Amino acid sequence: MPILCSSCEKKRAVLKRPKTGHSLCKECFFWAFEEEVHQTIISARLFNPGETVGIGASGGKDSTVLAHVLKVLNERYNYGLKLLLLSVDEGITGYRDDSLETVKRNEQQYALPLTIVSYEELYGWTMDAIVKQVGLKNNCTFCGVFRRQALDRGAMMLNVDKICTGHNADDVAETVLMNVLRGDIARLRRCTAISTASEGEGVVPRCKPLKYAYEKEIVLYAYFNKLDYFSTECVYSPNAYRGHARTFLKDLESVRPSAIMDVIHSGENLSVREGVRMPVQGTCSRCGYISSQALCKACVLLEGLNRGLPRLGIGKHHRLHGKILAKEPLTQEEERKLKAVDF
Amino acid sequence: MCQVDEEYSDQLEKRTAPTVFQKCVKCKDGTAVLIIRAGDAFCRCCFKEYFIHKFRAMLGKNRLIFPGEKVLLAISGGPASSSMLSQVQEGLSQDAPKKLRFIPGIIYIDEGGVCGMSLEERDRSIAQLESIFRATGYPFHIVRLEQVFDLPTSVLGAVPPAPQRPESGYKAAVDQFIQNDRARASCSPGEGGGERDGERDPAVWDAQVRLSRLETRDAPDGTPPPVVRHGEDLERLFSSVRTLTAKEDMLQTLRHHLLVHTARTQGYTKGFSDPRHGDVVIVRPMRDYSSKEIAFYNKMFGVPSVFVPGLDTKASDKASIQLLTESFVTKLQADFPSTVSTIYRTSEKLRAARPSQNAGSETSAKCLLCVCAVDTKAEEASAFHATLVSERLSQKRVPGGALPGTSARDDAAGQCCSSSGGEGGGGCGAGGGGCCSPTRTPTTTDLKSLLCYSCRLTVKDMTAVDFLPRYIVSEAERRSRRSRMKQEISEFLLDEEEDEETC
Ligand SMILES: [Zn+2]
Ligand SMILES: [Zn+2]
Ligand SMILES: [Zn+2]
Ligand SMILES: [Zn+2]
């Protein structure tokens, strides 16, 4: 005896929603998923009519579904948005070539213009070249920092008003956990924000329309919509510590499916006690990007790469920022410490 | 795609393998027996000093406990609370350098009824614990969890704390205490200083101990003790809770109510800083210790503890959120020794965001069960709201569907005048509300509207709410009546925030 859809009570249910446990037919699931994203966009006032919105497209499931849903909703509810795809080419042979192919197909399928910015043209370094110098242990640090700035630079070139990223509920919950484990109060406070206002020169406001969408539902949505996405892990292994948090979250979800939303709820309802000192946000004195230090992370990393001192951007070496800015040479002792890299 | 979008600058310190035959970092002389954090190796003697100092520093630093205050020590028999008991003994002893100056009492809650222990097994654990408690000379209270079914509704309301003592009051209290102490010592007959032990008058304590035992064992007027009367009630309640996670949360809530009630009725002002109950403040002095430190200390210095099976004793470490979290943190701690202390320090810097409140008045609604501020009035763009939207969109669409959150409430209020007998105070008309107040068990929906986010999750995991103890049900009914009454007259109320229910 087939199970009936709990929403329309007419059609046969084809899936059980990971988020609520309800059994739904395909059409009702699409409707619910899209309406939820719409509610998120409306209640958080993510967009204004006439805005140009850049969708950070990686070719993965999240950004593919995001592009699809935004296109559907923009037409259904007349948001009046100009949507475009924005991709970053990190310069990772094999991995990136394939995922960029996917993004290019999305460009055709959704009829959304695509722009690709590459690490090589922005920084003069591909990830492949970076890994050759820094090894596999810290490469994700470089990639994360560079990608964030690359998206901003791309968006600035295209006069984009807002950048949307495909971060889903699982990502947000995981980041809440990570920030607790790392003791990063400043990020803990920021990470549940659904959108960030422009934080200064060269930074485009960002938002996460899929913030409350479960990863599993994103896959279901892509599967039943036959969306084309690229699903291979980055060839340069992802951060092991984050892996622990991810596994923990999956375990929590299997014990209590609402756990993902529960963690986000906690994050949203935390505030910093009075009297706790927070880092002061300034701007990088080299490139103008937001930074709590004299130099932003990207500039320090880049400096390290260019000087052949990869550890420069990895540990805490704030006191060296003055020297770097003044283009002064480092002492032999300083150089020795910053050269050593464990692969 | 690689998931790192924001980089983390500081590297986590990975574990460094301990070197064998290290010297103590403190005295630089003794052979280290224990490594607390990476690098900090202590000898036996310095470890003891460190352990004791930490306890006093914790209590002293925050001036949490005033001299002469009655403090109830909640002892489960496990290593941490047993260690706490030994620290209190140590601190109150005559030759302690920085003597603690409060009056301790002990409470043990026998929870064997929720995990299928027989009465004989439970009594055996109690006997073991009693001998430990008796050795301390402190008064103790053995309370059965079943007694929760006899609690009054007052336990769910926060009682305003005694007028705030000014900062300078602490010193005055110390002086006062020392004076009293001296006076008592000079009056005590015979054996001189040796007999003197703080505030204790042996005769009074003895009577109290007997009293507390009477309460739990044989009843004075022949009615069977709560453990017998409410044994089935407890069983029914816990079997109506579907998941181990929710069972553990429910147990925690009930345990809390019992502790607060006992503290109040016995005149304790500090339970164990958790000011949610107003008059009884809960202090957790063992938070600063790792379980490893505690285990080591207990073993090294012969602190007795008793193993009492709990809800989760036979469960796998993936059976509940509590167990999962514990094993996650333990495993992470093994690889990254700073994990626990980082989480601890992070939590110290945070507090729950309070919904916009008027300065001064603490009028925001409190959760029926955990007595914390209700956190479900969040604005539309929130995880809570998004969950309600998802639930609504996955169910049959009601024509002109109400907004989520306000929907299900009214069907209960609608069935007016179907009263089924007057219990639970008030009855029709009188004090209840404009409408008849049917005294039936509130539905899950009714109850949820009175709970915080987290307690809602617990109730969501229950098959029925009919088996909740009476004091919770009656208080829920009272609050629902009040809120319905308020709804009815809402258009005439000038100040929205005027009468938010607190208790
Ligand atoms: Zn349907
Ligand atoms: Zn910079
Ligand atoms: Zn020593
Ligand atoms: Zn609660």
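The set of residues from the range B:305-350 being more than 11 Å from every other protein chain (Cβ to nearest Cβ), farther than 21 Å from B:LYS247 by Cα and buried (at least 18 other Cβ atoms within 10 Å of the Cβ) comprises B:SER305, B:VAL306, B:PRO337.
Test B:MET84 against the criterion of being within 26 Å of B:VAL143 (Cα to Cα) and either within 16 Å of ligand 2 (Cβ to nearest atom) or of a type outside the set (Gly, Ala, Ser) (or both), and give yes or no.
Yes.
Restricting attention to the range A:259-292, the residues being among the polar types (S, T, N, Q) and facing chain B (nearest Cβ under 9 Å) number 3.
Scan the range A:91-148 residue by residue and report those that are among the aliphatic types (A, V, I, L, M) and away from chain B (no Cβ under 14 Å). Within the range A:91-148, A:ALA111, A:LEU112, A:LEU114, A:ILE116, A:VAL117, A:LEU122, A:ALA129 meet the criteria. Among the residues of the range A:298-310, are any buried (at least 22 other Cβ atoms within 10 Å of the Cβ), at the interface with chain B (Cβ under 9 Å from one of its Cβ atoms) and either at pLDDT below 75 or more than 8 Å from ligand 2 (Cβ to nearest atom) (or both)? Scanning the range A:298-310, I find at least one residue that is buried (at least 22 other Cβ atoms within 10 Å of the Cβ), at the interface with chain B (Cβ under 9 Å from one of its Cβ atoms) and either at pLDDT below 75 or more than 8 Å from ligand 2 (Cβ to nearest atom) (or both), so the answer is yes.
In the range A:263-277, of all residues being within 24 Å of A:ASP171 (Cα to Cα) and surrounded by fewer than 17 Cβ atoms within 10 Å (Cβ to Cβ), the one that is nearest to ligand 1 (Cβ to nearest atom) corresponds to A:SER271. Number of residues in the range B:461-477 that are farther than 14 Å from B:LEU234 by Cβ and buried (at least 20 other Cβ atoms within 10 Å of the Cβ): the value is 6. Could you check, for the range B:96-109, whether at least one of its residues is modelled with pLDDT of 90 or more and farther than 30 Å from B:GLY60 by Cβ? Within the range B:96-109, none of the residues are modelled with pLDDT of 90 or more and farther than 30 Å from B:GLY60 by Cβ. Within the set B:PHE47, B:PHE55, the sole residue that is over 30 Å from B:LEU259 (Cβ atoms) and either within 16 Å of ligand 4 (Cβ to nearest atom) or modelled with pLDDT of 80 or more (or both) turns out to be B:PHE47.
The values are calculated or read from the model by the stated rules, or taken from the named source; none is laboratory data. From a predicted model like this one, the values you see are computed outputs, not experimental measurements. For neighbour counting, all protein chains shown are included, and Cβ atoms are generated from backbone atoms with ideal geometry for every residue, glycine included.
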